[in-house]
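**Student:** Shown below is the structure under consideration.
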């Protein structure tokens, strides 16, 4: 019956119904996605195994940090490929300092070994030590991970822990594996004594 009614309508009204239905569907999808909240789970003390990595020493304005690291990881992958290195883990960032305006860090990718290659300027081959870390697993949007860092800072203060090395984060699952940012996983770590 409804089909017959629609068939009798003129084309402009039918087009209006189709366009309206598509707009309502898109609006519902956007509302559903905006309801998602990133999740931060404190995992407590763990052991980070460490190993060799190749990285690049960088200083980036805070407002373009997340977009810059994507490009830097692509550049690192090219250096790894050009030097026939074997990846041995997920990309990560070691934070050396933060101010209100800038972040100094090393964008890095674990490799089996990189000591024998000639690194381009600002690139380093280092060994990350095995160490105890306080851990938060962040699931969701990268821009929401500050809450995870706050959880770690509160745990450090509450338990009177001392930092041993620079904090770092590991990108276990990101845009390279999934366009759905609600499934992204990032490990946040504070090395402790």
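**Student:** Taking neighbour Cβ counts within 10 Å as the exposure measure, how do 90, 123 sort from fewest upward? Each step should come with its number before you reach the end.
**Tutor:** On the way: 90 16, 123 19.
So the ranking, lowest neighbour count to highest, is 90, 123.
**Student:** Also, I was wondering about something else. Assuming a ≥ b ≥ c are the square roots of the Cα gyration tensor eigenvalues, decide whether the stretch 39-191 counts as rounded (a/c under 1.5), prolate (otherwise, with a/b larger than b/c) or oblate. Spell out each step's value before the answer.
**Tutor:** Values: a/c = 1.59, a/b = 1.36, b/c = 1.17.
The shape class here is prolate.
**Student:** Sticking with this structure for a sec: Ranked by Cβ crowding within 10 angstrom, fewest neighbours first, how are 57, 94 ordered?
**Tutor:** 57, 94
**Student:** Sorting 183, 135, 60 on the 10 Å Cβ count, fewest up front, what's the list?
**Tutor:** The fewest-first ordering by Cβ neighbours comes to 183, 60, 135.
Taken together, the values in this text are just the output of simple stated rules run on the coordinates, not laboratory data. Just so it is clear, the model here is predicted, and its values are computed rather than measured. Glycine gets a Cβ as well: all are built from the backbone with ideal geometry, and neighbour counts include every protein chain shown.
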